[in-house]
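Participant: Starting off with a structure, shown below.
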Amino acid sequence: MEYFKNIKIILVSIRWNDISSFTALSEVFSPDETGNIIRDTEIIIHDSNNNIYYL
């Protein structure tokens with residue numbers, strides 16, 4: 001950055017999660033009443049708990 005003469009910095013306060021584990025996904029994506037996380041897909045789930053579906 002020492003080569004730039006016109007640099008502006010904007011301070012922001014954001015929430016960050018590195019999602020380094022499967023348990024961290026439940027902090028970012030809300031699980032349903034059976035603990036399943038379903039993203040970007042429509043599927044039929046029968047007798048399934050605490051799974052992640054992302055297609």
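The values are calculated or read from the model by the stated rules, or taken from the named source; none is laboratory data. Treat the numbers as computed from the prediction; the structure is a model and nothing was measured. Ideal geometry is used to build each Cβ from the backbone, glycine not excepted, and the neighbour counts take in all protein chains shown. Side chains are part of the model used for accessible areas, which takes the heavy atoms of the whole protein and leaves out ligands, DNA and RNA. Shrake-Rupley method; radii C 1.70, N 1.55, O 1.52, S 1.80 Å.
Participant: Please give the FRET efficiency for Tyr54 paired with Glu2, using the beta carbon to beta carbon distance and R0 = 35 Å, rounded to the nearest 0.05. Show your work: numbers first, answer last.
Facilitator: Values: r = 42 Å, r/R0 = 1.19.
Efficiency computed from Cβ-Cβ geometry: 0.25.
Participant: Sorted by accessible area (1.4 Å probe), largest first, how do Asp18, Asp47 line up?
Facilitator: Asp47, Asp18
Participant: Report the net charge of residues surrounding Ala24, where surrounding means a beta-carbon distance below 15 angstrom and charges are Lys +1, Arg +1, Asp -1, Glu -1. Write out the running numbers ahead of the final one.
Facilitator: Numbers: positive: Arg15, Arg39; negative: Asp18, Glu27.
Summing Lys and Arg as +1 and Asp and Glu as -1 gives 0.
Participant: Counting other Cβ atoms within 10 Å, keep those with at most 16, restrict to DSSP loop, and tell me which chymotrypsin sites (Phe, Trp or Tyr not before Pro) in the chain are left. Intermediate results must be reported in sequence, preceding the final value.
Facilitator: Working: sites: Tyr3, Phe4, Trp16, Phe22, Phe29, Tyr53, Tyr54; in loops: Tyr3, Phe4, Trp16, Phe29.
Of the chymotrypsin sites (Phe, Trp or Tyr not before Pro), the ones in loops of the chain whose Cβ has at most 16 other Cβ atoms within 10 Å are Tyr3, Phe4, Trp16, Phe29.
Participant: Pop out the carbon and sulfur fraction of the accessible area of the chain as a percent, whole number, probe 1.4 Å. Write out the running numbers ahead of the final one.
Facilitator: On the way: 3020 of 5630 Å².
Taking all protein chains in place, the chain shows 54 percent carbon and sulfur surface.
Participant: Return the distance in nm (one decimal) between the two label points of a simple spin-label model at Trp16 and Phe29, each offset 7 Å from Cα along Cα→Cβ.
Facilitator: The two pseudo-label positions are separated by 2.3 nm.
Participant: Here's another thing I want to ask about it. When only Cα pairs under 8 Å and 6 or more residues apart are kept, what is the percent relative contact order across the chain? Could the numbers behind the result be given before it?
Facilitator: Working: 35 pairs, mean separation 13.0, N = 55.
The normalised contact order for the chain reaches 24 percent.
Participant: Residues of the chain: accessible area per residue at 1.4 Å, in Å²?
Facilitator: Details: 5630 Å² over 55 residues.
Per residue, the chain has an accessible area of 102 Å².
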